[in-house]
Structures are given as C-alpha cells and as structure tokens.
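Data block below; observations after.
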Amino acid sequence: MSSLKKVLIVEDESLLSSVYSTVLSLNNFTVQTAHDGVDGLNKLRTFEPDVILLDLLMPNMDGMTFLKNFDKSRHPSTRIIVYSNLFDGNTVDQVTELGANDIVLKSSLSPNQLVELVMSHIASDDSLINH
C-alpha cells in the first residue's frame, strides 16, 4: 500500500471499537471511530474512509438506518462491511440492497481476521481501479 488506507469503525461497544481500532492502526491503517450511526454520518463530513465497519445494533441510529442515509454518490469508492451478531437471510438481503459490500458474523471474527477482511476489500477495490 503506497498510502495509509482509512477505516471508519461505527460501533457502540467501546471495548470492541478500541480493540479493532488498535489492531487496524498497528497494521498501518488510519482509523476513526463512531459510537453510533449519527456520529458515523457526521464523521463522513471530514473523513473519507476506504472501508466502513458497521455494526447493526446501536443506540440513536442503527446500522440499517445508517445505510439508508449513507450518500454513496459522495463516497463512491467506500466499501461497507456490516459486522453483526444479528444475522439471518432477511438481514443479509436488506443490507445488500442498501449498499453493503459484505456482511460477517461479529462473534466469529478475530481481530486478525478483521484486518484480513479489510485488506481484501481494499485489494478488490484497488484491482477494480487498476483495470
């Protein structure tokens, strides 16, 4: 990676947000965190992430509402990875229709797997740009 890639973590569990932020920072990502969807949308005014890690169940504004309010035209290259413990076929269909690029089960995701997942989304985006 020639320049630092940016990740926005939208997660209300402060311990999990801190762990993910730390492990991504140690892997040369620039990371910002938001504690709910409202905070996440506000961060997008000044921060242009390559990847958004989005929880679904949060206070004030949940992940589904965040996706409904996310302006893809202002952030066309931003990839959205939904990670949640709320996981069924209907949820997968909904987040996909709302523009999420991936959905993963939060409880089965180790910090190292998270880094690999983020890197794979950035690599797939880079390959689209280069071809």
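Every number in this text was worked out from the coordinates using simple rules, so none of it is lab data. This structure is a prediction, so every number in the text was calculated from the model and none was measured. Reconstructed Cβ throughout: ideal geometry from the backbone, glycine too, with neighbour counts over all protein chains shown.
With contributions of -39500 (n - 2.57) from each DSSP H run of at least four residues, the per-residue ellipticity at 222 nm computed over the chain stands at -13000 deg cm²/dmol. Once the chain from residue 102 to residue 119 is taken as fully extended at 0.36 nm per residue, the excess over their C-alpha distance is 4.8 nm. Close amide H partners of residue 104, meaning residues 5 or more places away or on another chain with modelled amide H under 5 Å apart, are 82, 83, 84.
Computed from backbone phi, the HN-Hα couplings of the range 113-122 come to 5, 4, 4, 4, 5, 4, 4, 5, 6, 5 Hz, rounded to whole numbers (Karplus: 6.51 cos²θ - 1.76 cosθ + 1.60, θ = phi - 60°; Gly and Pro given as x). Cross-link reach is defined here as a Cα-Cα straight distance under 17 Å, omitting same-chain residues fewer than 8 places apart; for residue 43 the lysines meeting it are 5, 6, 68, 72.
Find me the longest stretch of the chain that has none of the exposed trypsin sites (Lys or Arg not before Pro), where exposed means in a DSSP loop (not H, G, I, E or B) with at most 15 other Cβ atoms within 10 Å.
Values: sites that count: 45, 72, 74.
That gives 75-131 as the longest site-free run.
Pull up all non-local amide H partners of residue 33: gap of 5 or more, or a different chain, and H-to-H distance under 5 Å with H placed in the peptide plane. Under 5 Å from the amide H of residue 33: 9. Could you name the aspartates and glutamates whose alpha carbon sits less than 16 Å from that of residue 106, not counting residues in the same chain fewer than 8 places away? Candidates past the 8-residue exclusion: 11, 12, 13, 55, 62, 88, 116.
Sequentially through the range 13-27, phi angles give Karplus couplings (6.51, -1.76, 1.60; θ = phi - 60°) of 7, 4, 5, 5, 4, 5, 4, 5, 4, 5, 5, 5, 4, 5, 9 Hz, Gly and Pro residues having no value and appearing as x.
Run through the DSSP bridge list for the chain and note the antiparallel percent, rounded to the nearest 5.
Values: 0 of 18 bridges.
Here the antiparallel bridges make up roughly 0 percent for the chain.
Mean separation of Cα pairs under 8 Å and 6 or more residues apart, divided by the residue count, gives the chain a relative contact order of 22 percent. Judged by the gyration tensor of its Cα atoms, with axes a ≥ b ≥ c, the chain is rounded; a/c sits under the 1.5 cut. Close amide-amide hydrogen proximity is noted between residue 61 and 37, 38, each under 5 Å apart and 5 or more residues distant or on a separate chain (H modeled in the peptide plane; Pro and chain starts excluded). Remark: the range 52-59, residue by residue, has Karplus-estimated 3J(HN,Hα) of 10, 9, 10, 7, 9, 9, 9, x Hz, where x stands for each Gly or Pro and the curve is 6.51 cos²θ - 1.76 cosθ + 1.60 at θ = phi - 60°.
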